[in-house]
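**Q** Dropping the structure in here first, questions after.
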Amino acid sequence: MRRPAEWSSEEPHGDFSVLDAEGAELWSYTFEPEPEDTEPEDAETDEDDETAPEDTEASADDPERLGVPVAAWDDTVLLDSGDSVLRAHSLDPEDAGELLWSVAASDEELGLPATAPVPLPQILGVFPAPEPEDGAEDEGAENEDEDEDEEDRADEDVPATILLRWAQPEAPSVLSAHDTVDGEPLWTLEEAGTNPVSQHFDEAGVPGLLYDSATGTLLLSQASGEATMVAVDLVRGEVRWGLEEDDGSISPAFAHGGLVYGDSRSNEDGDLQLVLDAQTMDVVGDELSAYVEAITDTGHAILVQDRQRFVVGPEPEDPEADEDAEGSEPPEDPEDAESPAPSDEAS
């Protein structure tokens with residue numbers, strides 16, 4: 001993104017450009033301030049610098065209203081207009097800048113309180129759809145035609161999910177998940193307590209957030225409530241489990257392949273690494289021979305043992321097929337079989 005040189009959240013307007021990874025311009029526009037109110041100077045207002053709910057609803061219906069880029073994925077950029085409304089615009093070269101969808105605090109589907117101050121949306125992130133479970137693609141297929149349909153659906157791109165948090169100073173925050181293609185709300189979930197209210201034009205992301213794409217489990221820190229961190233099912237919008245004070249000092253570090261790796265500190269056991277089931281929080285490993293420092297998206301693990309680091313590759317998808325391939329010799333090429341071996345003179 002390219003924005004005005006002296007840009008600030010207090011003066012967010014100006015000329016913006018969205019660029020691709022190589023620096024080529026995809027879309028340029030001007031974010032203009034709203035027209036000044038013509039109310040008398042002595043008019044009384046209940047809140048200062050707060051957006052009224054009716055103003056938010058009117059702004060959400062304005063297709064010409066733009067904003068500051070705060071998130072992007074595929075051929076889409078999300079703009080924050082500073083009035084509790086987020087708008088998704090296309091970055092496709094053929095229709096760059098076209099409004100795709102919008103979401104506002106006043107949307108009835110979200111069920112947010114209609115009293116001021118209006119909740120501000122915080123973009124927690126854009127997350128890929130969970131990986132299909134083993135055998136899910138073949139479930140319900142009774143003939144070859146159905147099998148082909150399942151394969152076609154598996155090849156299609158499953159829309160990702162964008163997760164928002166709507167927070168107010170003295171009320172429990174609310175999570176809302178939306179389809180990244182059309183912005184339709186998938187579910188909403190009221191959190192146990194209050195969470196920090198984000199600022200206008202904050203970029204996507206929040207510290208400490210972890211996501212396991214294998215199970216669709218999102219680990220989200222909580223500023224209040226009994227649990228310091230909760231595991232949310234990104235598909236169903238339900239809390240699977242939470243880390244409470246009784247669980248000891250556990251600090252999840254990363255998640256991969258249905259597992260959550262965290263550090264546990266206690267006076268009795270000292271420092272050790274725990275491996276938890278992402279769906280149930282059950283401990284599946286607490287006496288590892290090596291410390292798992294990180295795991296890449298490709299499944300390569302970085303292990304630390306005796307002050308040395310090792311990289312271990314992922315397990316083969318079909319171990320039996322790999323064993324058969326190693327045990328069998330490649331077929332002899334007919335051309336190679338007919339060709340005589342090179343002589344010493346030829347070499």
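**Q** So for 284, 311, 174, 239, fewest C-beta neighbours within 10 Å to most, what's the order?
**A** Working: 284 13, 311 9, 174 21, 239 16.
By the 10 Å Cβ count, ascending, the order reads 311, 284, 239, 174.
**Q** Okay, next question. Quick check on the exposure proxy: order 162, 302 from fewest to most C-beta atoms within 10 angstrom. Mind dumping the intermediate values first?
**A** On the way: 162 25, 302 15.
Ascending number of Cβ neighbours within 10 Å: 302, 162.
**Q** In vacuo Debye scattering of the stretch 211-258, one point per C-alpha: log10 I(q)/I(0) at q = 0.14, 0.17, 0.33 Å⁻¹?
**A** With no solvent term, the Cα-only Debye profile gives -0.33, -0.48, -1.26.
**Q** Quick one: what are the phi-derived ³J(HN,Hα) couplings along the stretch 177-185, Karplus 6.51/-1.76/1.60 with θ = phi - 60°, whole Hz, x for glycine and proline?
**A** Those phi angles translate into 9, 9, 5, 6, 7, 10, x, 4, x Hz.
**Q** Scan around residue 253 for amide H atoms under 5 Å from its own, H built in the peptide plane at 1.01 Å from N, and keep only partners 5 or more places away or cross-chain.
**A** Those lying under 5 Å, H to H, from residue 253 are 261, 262, 263.
**Q** Additional query: Return the loop-located GluC sites (Glu not before Pro) in the stretch 176-230 (DSSP other than H, G, I, E, B) with at most 15 other Cβ atoms within 10 Å of their own Cβ; answer none if there are none. Each step should come with its number before you reach the end.
**A** Numbers: sites: 190, 191, 203, 226; in loops: 191, 203, 226.
Counting only loop positions with at most 15 other Cβ atoms within 10 Å, the GluC sites (Glu not before Pro) in the stretch 176-230 are 203, 226.
**Q** Order of 312, 68, 118 from fewest to most other C-beta atoms within 10 Å?
**A** Values: 312 13, 68 22, 118 25.
Arranged by neighbour count, lowest to highest, 312, 68, 118 become 312, 68, 118.
**Q** Per residue of the stretch 298-313, what does 6.51 cos²θ - 1.76 cosθ + 1.60 with θ = phi - 60° give for ³J(HN,Hα)? Whole Hz please, x for Gly and Pro, Karplus curve as stated.
**A** For the stretch 298-313, the Karplus curve yields 7, x, 7, 9, 9, 10, 10, 8, 6, 6, 10, 9, 10, 10, 10, x Hz.
**Q** Using modelled amide H (1.01 Å from N, peptide plane; none on Pro or chain starts), what sits under 5 Å from the amide H of residue 71, excluding residues fewer than 5 places away?
**A** It is 78, by chain and number.
**Q** Taking amide H positions as placed in the peptide plane 1.01 Å from N, state which residues far from residue 26 in sequence (5 or more) or on other chains have amide H under 5 Å from it.
**A** Result for residue 26 returns 18, 19, 20.
**Q** Rounded to whole Å, give me the distance from the Cα center of the stretch 199-238 to that of the stretch 61-127.
**A** 20 Å
Read-outs: derived from the displayed coordinates by stated rules, not from any lab. It should be emphasised that the depicted structure is a prediction, and the values quoted were computed from it without experimental measurement. Glycine also receives a Cβ, built like all others from the backbone with ideal geometry; neighbour counts cover every protein chain displayed.
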